[in-house]
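Below is one structure, written out as structure tokens; the observations come after it.
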Amino acid sequence: MTGPEWATLDRRTVAVTALIVAGGCAGAAVLAIYWITRVTSFDTALLWVLSAAVLIVAVSCVIDHVRWRRTRYRVTPERVELHTGVFVSRRRSLHRDRVRTVDVTADPLLRVFGLVQVLVGTGEQSGSEGSVRLRPVTRQVAEVLRRTLLDRATDVTTDGSLARLDPAWIRYAPLSFLTPVLGGGAFGVVLNVADWFGLQDGVIGWAIALFRGVPLVTTVVVLAAIALVIGVIGSLALFVEMWWSYRLDREPGGTLRVRRGLLTTRSISLEERRLRGVEIVEPLGARLAGAARVDAVATGMVTPSEKDKTDHRTLLPAAPRAVADRVAAGVLREPDTPPTSISLTAHPVTARSRRVRWAAGTAAVPLAVLAVLGLLLTEVLLHVAWIAALVLVPAAVLLALDAYRGLGHGLTPEYLVARSGTTRRATVALQRSGIIGWTAKQSIFQRNAGLLTLSATTAAGAGAYSILDVGVSDGLLVAERAVPDLLTPFLQVTRPHVAEGAPVGR
């Protein structure tokens with residue numbers, strides 16, 4: 001595989017394309033036949049649709065056959081090269097030293113044929129130009145490619161399993177904010193499908209008739225309960241699809257490998273030398289249940305143009321916090337606990353006041369709108385406003401207080417640790433050696449409160465990780481201690497003032 005010989009994709013790609021296009025045509029045919037039969041007979045409509053489907057499948061197969069004939073790739077000791085193109089020839093060449101990831105995926109159709117897709121990425125911010133996609137190849141070829149491209153000289157030889165799926169973790173899936181979104185989306189899908197067939201008015205009329213005579217509050221509660229049940233089922237199904245057969249392994253040579261998926265299998269590899277830390281993420285629902293997930297902070301993971309960006313950097317799905325801490329420690333090769341578990345320095349109480357004010361103001365906006373509309377239109381909205389105020393204002397204040405309790409920062413000999421958030425609380429442990437600069441921001445409100453937001457810039461992960469609303473002196477001192485001499489000019493100022501968005505880099 002490392003020789004100069006050119007290789008081709010698996011020739012069964014034509015059969016895969018034929019089945020994919022045929023499936024798409026079958027779905028569109030139902031709607032097409034429905035509309036055509038409104039102006040002609042069913043037999044004529046069926047003949048037209050079948051003829052069009054056969055033509056589309058045939059043309060697609062011809063194009064894919066030409067693509068297969070014109071696609072070739074090879075891996076040399078220095079580069080990964082791909083030549084492809086149907087109407088326009090394209091050549092892509094990646095230097096092997098710049099390869100960061102080799103992801104292997106297989107959707108259900110590819111799995112039927114024993115094939116996979118391989119995506120070789122460099123982590124560059126240039127979209128597809130920084131990657132080579134090989135679809136399809138056999139599993140054996142994919143494994144050889146993965147091992148060849150990620151086999152780098154290293155002294156690390158320790159390997160073993162860091163985590164495996166516990167079926168009990170599925171209980172955390174419905175606690176995501178995705179659950180109500182899936183439930184509400186289900187109603188939208190039903191209405192859209194009904195609209196395709198001209199039945200939307202009938203469906204809406206049927207729903208109105210079904211709840212005729214039922215109090216409005218009861219109707220809303222019933223619909224919300226139905227949406228919640230649908231959302232729970234959808235979130236459970238999504239978790240099973242994404243995380244079935246999950247396992248996190250450390251392979252010889254210093255590579256972390258995540259394998260998961262039920263219908264579409266995924267294999268994601270990450271070189272440990274690209275790792276700059278970890279992030280413990282606790283969405284509100286999971287945190288209340290004592291769960292968290294672990295994300296990698298690493299260079300060259302997935303560019304914004306790729307799909308499933310968050311999933312690619314997730315090393316552990318929502319699991320008990322003790323498990324998340326153990327996995328984070330194992331990933332960072334810490335003997336006991338991860339840096340994210342250290343005691344953090346609290347932030348000034350003025351940061352709490354800022355959060356309470358912002359939360360109260362945010363809750364007041366929709367209440368004010370309801371009150372104004374109630375004065376202009378109907379008193380019912382006034383009652384809705386004060387009832388909503390009894391819920392929104394206390395909830396907003398509680399979230400603000402929780403957000404303040406979540407603020408904190410700290411240092412270990414190797415890591416900068418920062419925590420913030422309430423609906424999505426995140427605790428990041430970032431290698432101090434991976435910090436390449438600082439950005440200090442101070443709004444007029446922060447200046448009056450003696451606070452600033454300090455962001456550590458890095459080439460890994462999100463690109464910057466912030467210490468929110470920290471005291472000016474504490475923030476600048478922790479930045480100086482994290483990376484000595486980087487903020488010395490700022491420490492020499494005589495007053496606690498930092499220009500808006502002022503960057504400092506080395």
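The test for being under 19 Å from Ile268 (Cα atoms) and either modelled with pLDDT of 90 or more or buried (at least 20 other Cβ atoms within 10 Å of the Cβ) (or both) does not hold for Arg74. Mind checking whether some residue in segment 233-246 is in contact (Cβ under 8 Å) with a residue 12 or more places away in the chain, open to solvent by 20 Å² or more (accessible area, probe 1.4 Å) and outside any helix (DSSP H, G or I)? Yes, segment 233-246 contains at least one residue that is in contact (Cβ under 8 Å) with a residue 12 or more places away in the chain, open to solvent by 20 Å² or more (accessible area, probe 1.4 Å) and outside any helix (DSSP H, G or I).
Okay, residues lined up against (1) open to solvent by 20 Å² or more (accessible area, probe 1.4 Å); (2) over 26 Å from Ala322 (Cα atoms); (3) of a type outside the set (A, V, I, L, M, F, W, C):
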residue: Phe211; (1), (2), (3): yes, yes, no
residue: Val214; (1), (2), (3): yes, yes, no
residue: Gly231; (1), (2), (3): no, yes, yes
residue: Thr255; (1), (2), (3): no, no, yes
residue: Ala291; (1), (2), (3): no, no, no
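Please work out if Gly408 is within 28 Å of Arg333 (Cα to Cα), touching a Ser or Thr at 6+ places or on another chain (Cβ under 7 Å) and at pLDDT 95 or above. For Gly408, the condition - within 28 Å of Arg333 (Cα to Cα), touching a Ser or Thr at 6+ places or on another chain (Cβ under 7 Å) and at pLDDT 95 or above - is met.
Inspect all residues belonging to segment 28-40 and state whether any of them is open to solvent by 50 Å² or more (accessible area, probe 1.4 Å), out of contact with any Leu (no Cβ under 7 Å at 6 or more places or on another chain) and over 18 Å from Gly198 (Cα atoms). No, that holds for no residue.
Scanning segment 180-206 for residues that are surrounded by 13 or more Cβ atoms within 10 Å (Cβ to Cβ), at pLDDT 85 or above and among the small types (Gly, Ala, Ser) yields Gly183, Gly184, Gly185, Ala186. Kindly check whether there is at least one residue in segment 352-364 that is among the hydroxyl-bearing types (Ser, Thr, Tyr) and touching a residue at least 40 places away in the same chain (Cβ under 8 Å). Within segment 352-364 (the criterion being among the hydroxyl-bearing types (Ser, Thr, Tyr) and touching a residue at least 40 places away in the same chain (Cβ under 8 Å)), the answer is yes, since at least one residue qualifies.
Just a yes or no: is a residue in segment 329-340 within 27 Å of the chain's Cα centre (by Cα), within 21 Å of Leu175 (Cβ to Cβ) and touching a residue at least 40 places away in the same chain (Cβ under 8 Å)? Yes. Out of curiosity, is Val132 modelled with pLDDT of 85 or more and among the β-branched types (Val, Ile, Thr)? Yes; evaluated as a whole, the condition is true for this residue.
Could you list, in sequence order, all residues of segment 424-438 that are crowded, with 17+ Cβ neighbours inside 10 Å and over 28 Å from Arg321 (Cα atoms)? Across segment 424-438, the qualifying residue is only Trp438.
Glu414 satisfies every condition listed in (1) open to solvent by less than 40 Å² (accessible area, probe 1.4 Å); (2) under 30 Å from Ala318 (Cα atoms); (3) not hydroxyl-bearing (Ser, Thr, Tyr) except (1). Taking segment 439-506 as the region of interest, the strands (runs of 3 or more DSSP E) fully inside it that hold 1 or more residues being at pLDDT 90 or above and open to solvent by less than 80 Å² (accessible area, probe 1.4 Å) are 451-458, 464-471.
The values are calculated or read from the model by the stated rules, or taken from the named source; none is laboratory data. None of these values were measured; they are calculated from a predicted model. With ideal geometry, Cβ positions are generated from the backbone for all residues, glycine too; neighbour counts draw on all protein chains shown. Note: areas computed on protein heavy atoms with side chains; ligands, DNA, RNA excluded. Shrake-Rupley method; radii C 1.70, N 1.55, O 1.52, S 1.80 Å.
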